1. Roughly what % antiparallel, to the nearest 5, for the DSSP beta bridges in chain B?
2. Taking the Cα centre of each part, how many Å lie between the stretch A:28-65 and the stretch B:145-177?
3. To the nearest 20 debye, what is the magnitude of the charge dipole of the stretch B:54-178 about its Cα centre, counting +1 on the Cβ of each Lys and Arg and -1 on the Cβ of each Asp and Glu?
4. What residue among A:75, A:98, A:29 shows peak mean-square fluctuation when chain A is described by a Gaussian network model with Cα springs under 10 Å?
5. Before rounding to the nearest 500, sum -39500 (n - 2.57) across all DSSP H runs of length at least 4 in the protein assembly as shown and divide by the residue total; then give [θ] at 222 nm in deg cm²/dmol.
6. Among rounded, prolate and oblate, which fits chain B when a ≥ b ≥ c are the square roots of the eigenvalues of its C-alpha gyration tensor, a/c under 1.5 means rounded, and a/b larger than b/c means prolate?
7. Calculate, in nm to one decimal, what residue B:406 and residue B:192 gain on full extension: separation in residues at 0.36 nm each, minus their alpha carbon distance.
8. Is there a simple number for the mean count of other chain Cβ atoms within 10 Å of the Cβ of residues in A:4-17, and what is it?
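All of the numbers you see were taken from the coordinates with simple rules; none came from a lab. If you're wondering where the values come from, they're calculated on a predicted model, not measured in any experiment. Cβ placement follows ideal geometry from the backbone for every residue including glycine, while neighbour counts extend to all protein chains displayed.
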Amino acid sequence: MSELRELYQQVILDHHKKPRNFRKLAEPTGAAEGYNPLCGDRVSVELELADGVIREVAFQGTGCAISRAAASVMTSEVRGKTPEDALALFERFRAMVTGDAEADPEAGDRLAVFAGVREFPARVKCATLPWHTFNAALSGATEPVSTE
Amino acid sequence: MSGRRATAAWDVERVRKDFPILHQEVHGRPLAYLDNAATSQKPQVVLDAILGYFTQDNANVHRGVHRLSERATEAYEGARGRIQRFLHAADPREIVFVRGATEGINLVAFTLGRQVVGAGDEVLITGLEHHSNIVPWQMLCEERGATLRVVPIDDAGAVPLEAFERLLGPRTRLVAVAHVSNALGTVLPVRAMIQAAHREGVPVLLDGAQAVAHMRVDVQELDCDFYTFSGHKVFGPTGIGALYGKAQWLERMPPFQGGGDMIKSVSFEKTVYNDVPYRFEAGTPHIAGGIGLGVALEYLEGLGLDRVAAYEHELLAYGTAALEAVPDVRLIGTARDKASVLSFVVEGVHAHDVGTILDREGIAVRTGHHCAMPVMTRFGVPATTRASLAFYNTREEIDRLVAGLARVREIFG
């Protein structure tokens, strides 16, 4: 039970039900499509970069609670950051959900709610798909991102 | 069965004893294996046959004059005979060993398909095919400048015969359809479809991957031109399967792959191909797999396919009623004629979340698009949860599935 509750924390379920920044941007400067062929999850990420700072990030798509919540939390967390800081956040997130690193013990790490994902190896890709897609949007990729 | 209910004598607990893998715990709960459409479990007799082959008879087939090679050849060719009788084919020469149904379909597409499909011609499939019965035909059509036509399915997930007949046209050169849908469990009206195609002189391939474990198949009675299935879905090993083809077709088809075993003589100027079915079996085959498959079919026939079908239908009816009673659960695929597949969506919860929660209850189901993405598109869902039953499943396991869905609701609210 504990592992399931750890995975499906209230914060994750809340983001799943009411995703933040679930919309299209008026004038995105970067965009990318992400796709997990294994489960059919699709996510599109748009962002607006100005003066070296991510001003806006939004996403759309269909997916499980984990991928939707991961996208929702991600959009909230990277806004206002430089691309470098945002990508450092991605690396920390990736390390945490794959079990390569512990969650940041500092108080206020809002990504820590995804620490439970490591106990569910089949679900790691659900959590990282939005981040990979965000990364592609930053670097101006034209091909859809695939987790395979 | 003589009027008696066939299931009255079905002792599921005794049958379960034949499958060692079923007796284990997953996440501290007894395993409820409800993913049989993905792959089925193997009875002890199949495991024994494979081990016995490797410990006593292992040798290459069709070559050696030594005793082991003779025994291996005898066992392997004996399995071919077993497959012939299982499918009720007229002649063992009509049975080609393949890796699985996917290879069986590709074999026909790239031999007969290349012979009979030309520019402007059509290949006809249905809207509920597995990707393996879509993509080879797409590749063939692209290569030949032909068109792939798709018979639409109705809201219940059935294939209306009239819709099939409407699309069967003067340019149709091949028909390839599932006997049973993997994603929905729909049993297609294949007998009538074959008759209609034959009236137009069009050969028909049946993808039997989801059928052979659940019903008696008689290729002569069906009068299909080709029938293919995978061993691992019918309680045999992975990597082996069979393609049945009417001798009249196989005789006129060119080889699929070149190599050893498929030739009579080779020189740098000219190679003479072997007779059917060996012409289609290049290279050393999966000998242990073929032997294991033969034993699996023998085991299934020993249980009685009519009794298996009767028990599974009762289980399917029980499961259908049980799932229909769960609030917010919608069954996808409600055709009148179905094999033991329960595909469903839980409103507001993605199939993968359902699958993860059920797994923690020890229940193995498939979640996703089931290699049938067009079916998901047709029903407007990204994915479904699929419980697929075998004769060793129980009502208690269905009850646990329903309880697991209550758990899903508890977590997701």
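1. Details: 27 of 45 bridges.
Rounded to the nearest five, the antiparallel share is 60 percent.
2. 38 Å
3. Details: 14 positive and 16 negative charges, 99 e Å.
Magnitude of the dipole: close to 480 debye.
4. Evaluated over chain A, the most mobile residue of the options is A:29.
5. Value at 222 nm, helices only, nearest 500: -11500 deg cm²/dmol.
6. Numbers: a/c = 1.94, a/b = 1.27, b/c = 1.53.
Because a/c hits 1.5 or more and a/b fails to exceed b/c, chain B counts as oblate.
7. Values: separation 214, 0.36 × 214 = 77.04 nm, distance 4.18 nm.
So the chain would gain 72.9 nm between residue B:406 and residue B:192.
8. Values: counts 8, 1, 0, 5, 6, 0, 1, 0, 0, 4, 0, 0, 5, 3.
Taking the mean over all residues of the peptide, I get 2.
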